[in-house]
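Here the structure comes first, spelled out in structure tokens, and everything after it is commentary.
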Amino acid sequence: MKLHLGCGKRFLPGFTHVDLADFPHIAYRHDIRSLPMFDDESAELIYACHVFEYFNAEEAKDVLAEWRRILSTDGVLRLAVPDFWKLAQVYALTHDLTKITGPLYGQWQIGPDKTAYHRTVYDGKTLTSLLIEAGFRMVQSWDWRTVEHGYIDDYSQAYYPHMDKDHGILISLNLEATK
């Protein structure tokens, strides 16, 4: 089984989709911090794109423990989060906060009267340390061009300037780790 957590409107063929949103492809409308509907070691791949930053530092540890529970031995957790280091580079180039506030603070409408915002930021060193601390190994970068779902345009392909995938700055930190 392959899980796409916090998928929103993005459908990845061959994946089981989990999100609070209501789209036809979502198999489970559920908060992704706890996934009681899945057995231990039942997933070979978990993909979470630009959703992990919605958890604060303490929640992130519990979320990783839950996701690790679901992964099979040698299963892969593939994450994409806004890259603070790259956002700082964009700011240094532009001196324009409007270029980075969206990916830095985020905003997601949960129902008609509730909004969620990003609760933490990551750079490569911080996220790698967190993953290792949570019991993952072989933490490495992944390239959206080489993964099975790379043909689906999502935030793992976020660039400044927008959509300049050949010459722009990739502002998504894409890391994967093995259980």
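If only the Cβ of Lys and Arg carry +1 and only the Cβ of Asp and Glu carry -1, the dipole of the range 64-179 around its Cα centre is close to 320 debye. Positive-end ranking of LEU35, HIS50, THR98 along the dipole of the chain, with charges on Cβ about the Cα centre, is headed by THR98.
Between the helical axis of 57-70 and the dominant principal axis of the chain, each derived from Cα atoms, what acute angle in degrees is found, rounded to the nearest 10? Rounded to the nearest ten degrees, it is 40. Computed over the alpha carbons of the chain, Rg followed by Dmax gives 15.7, 48 Å. Rounding to the nearest 10 and keeping the result within 0 to 90°, find how far the Cα-based axis of helix 84-94 lies from the longest principal axis of the chain. Computed tilt is about 20 degrees. When the charge dipole of the chain is built from unit charges on Cβ atoms (+1 for Lys and Arg, -1 for Asp and Glu) and taken about the Cα centre, the candidate among LEU87, TYR117, LEU12 whose Cα reaches farthest toward its positive end is LEU87. The relative contact order of the chain, computed from alpha carbon pairs under 8 Å that lie at least 6 residues apart in sequence, is 22 percent.
Taking the Cα-to-Cβ direction at TYR91 and at ASP143 and moving 7 Å from each Cα, how far apart do the two end points lie in nm? The two pseudo-label positions are separated by 3.0 nm. Report note on the peptides 31-44, 66-79, 134-147: ranked by the mean count of other C-beta atoms within 10 Å, highest first, their order is 66-79, 31-44, 134-147. Using only the alpha-carbon atoms, how far is helix 124-133 inclined from the longest principal axis of the chain? Give it as 0 to 90 degrees, nearest 10. Value to nearest ten degrees: 20.
Every number here is computed from the coordinates shown, using simple stated rules; none is lab data. Note that the coordinates shown come from a computational prediction; the quantities given were computed from them, not determined experimentally. Using ideal geometry, Cβ is built from the backbone for each residue, glycine included, and neighbour counts are taken over all protein chains shown.
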